[in-house]
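Below: one structure, written as structure tokens.
The values are calculated or read from the model by the stated rules, or taken from the named source; none is laboratory data. Note that the structure is a prediction, hence the values are computed from the model and not measured. All Cβ positions, glycine included, derive from the backbone under ideal geometry; neighbour counts span all protein chains shown.
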Amino acid sequence: MDTFVPIQTLDVEAEKQITFDLFVHLPLNQKYILYRRKGGQIEQNRFEKIIEGSVNNFFIRQDDYKTFVKYVAGRLQGLIGTECTEQTVRMMSSSTRALLASTLQQKDTAMVRVLMENLKDITGVIIESVMERSQIGSKISFQKMVELSNKGTDFHKHPVNVASLAVLLTMGIGYNTDRILSEVAMAALLHDVGLAHMPTHIIARSHSPLELSISDRRLLYEHPKHSLELLKARRVKMSPMIETMILQHHEYYNGGGYPKGLRGFQINEFSQILLVADEMDQVIAGPIETNRELKYKISALFDQYNRELTIEPTLLSRIRSVIL
Ligand SMILES: [Fe+2]
Ligand SMILES: [Fe+2]
């Protein structure tokens, strides 16, 4: 018997040939019905009706999953390295939105996890290709890190999730060069390596430092520096931008971050993107309140950024427009 996996509705593009059989699920009699055959397409008006009818998911056969990942990644990949015109920026923003939207519309924690995995597979294809072309991080294989992280705890999954989100956000706000995307991916993959050697109770509260004693907190606040020192000791090749992003991934625009308490434009724009991706992952990994979309929690996080001036306001509204 076929096994089916859910995919985001918006991952499928209207008026474009699909490369896999597409199914809808009838919850009443627990049946999967073939909606479009491989090679077919969904007409624009039909597609709009589906979206209006708030059908969040299609289903595909598990065997088609790899083909599906290629199909979606191809859509974004086609925009990488092209001239950054107003139209490319718009297209990147809408593709990113499409990728994130149905994950954020979920009210069910289990479904969020499945869709996040989809997302990682899709961004994985993009990250591997930009890294290969830009020769940055040639020794790091994203897919290998995904495999390792799948065997590990949430702590091990975190860098891979953050890389996936950070690359999407970066593309979503209009950056599409191999160099920038691979620097963002690499910084995200490595940002917390300095945490690994800290006591487990500190790691567990690394995103709620106020629950730690003052001395533990002091230690935690050193982790961006530790990450950098550790990587340098292991002779990992990093560009100045990667170093800056790792060092600044907990700095706040309002000066309230760490380790240095930098403020305003002392903080690099991409470090702020990394911070948003980092904290979004905390929210996504956490429990979802029943009957509340994940979107609601992300939106609350963004409201807090806005109130507290954690993120530079123009950048914040650009990121927000990609997500919410
Ligand atoms: Fe961190
Ligand atoms: Fe982190």
Q: Read through the list (1) outside any loop (DSSP other than H, G, I, E, B); (2) in contact (Cβ under 8 Å) with a residue 24 or more places away in the chain, then give the number of the only condition that GLN87 fails.
A: (2)
Q.
Return the residues of the stretch 305-321 that are surrounded by 12 or more Cβ atoms within 10 Å (Cβ to Cβ) and over 21 Å from THR170 (Cβ atoms); say none if nothing qualifies.
A. GLU308, LEU309
Q) For the stretch 181-190, how many residues meet the condition of being farther than 15 Å from LYS232 by Cβ and more than 10 Å from ligand 2 (Cβ to nearest atom)? A) 6
Q. Can LEU230 be described as crowded, with 20+ Cβ neighbours inside 10 Å, over 29 Å from MET91 (Cβ atoms) and over 19 Å from the mean Cα position of the chain (by Cα)?
A. no
Q: Among the residues of the stretch 166-190, count how many are assigned to a helix (DSSP H, G or I), among the hydrophobic types (A, V, I, L, M, F, W, C) and more than 14 Å from ligand 1 (Cβ to nearest atom).
A: 9
Q | Residue list for the stretch 260-307, filter: in contact with a His (Cβ under 9 Å, 6 or more places away or on another chain) and of a type in the set (D, E, K, R) | A | ASP278, GLU279, ASP281
**Q.** Per-region count, the stretch 50-61, residues in a helix (DSSP H, G or I) and surrounded by 12 or more Cβ atoms within 10 Å (Cβ to Cβ)
**A.** 2
Q.
I'd like the full set of residues that are farther than 19 Å from ASP108 by Cα and either surrounded by fewer than 12 Cβ atoms within 10 Å (Cβ to Cβ) or aromatic (Phe, Trp, Tyr) (or both), limited to the stretch 11-33.
A. GLU15, LYS16, GLN17, PHE20, PHE23, ASN29, LYS31, TYR32, ILE33
Q: Residue by residue through the stretch 191-224, note down the ones that are within 13 Å of ligand 2 (Cβ to nearest atom), in a loop (DSSP other than H, G, I, E, B) and touching a His at 6+ places or on another chain (Cβ under 8 Å).
A: HIS191, ASP192, MET198, SER206
(Q) So in the stretch 1-34, with the set limited to residues that are part of a loop (DSSP other than H, G, I, E, B), under 27 Å from the mean Cα position of the chain (by Cα) and of a type in the set (A, V, I, L, M, F, W, C), which one is nearest to GLN62 (Cα to Cα)? (A) PHE20
Q. What do you reckon, is PHE47 in the same structural domain as ASP11 (by TED's automatic domain parsing), surrounded by 17 or more Cβ atoms within 10 Å (Cβ to Cβ), in a helix (DSSP H, G or I) and not β-branched (Val, Ile, Thr)?
A. yes
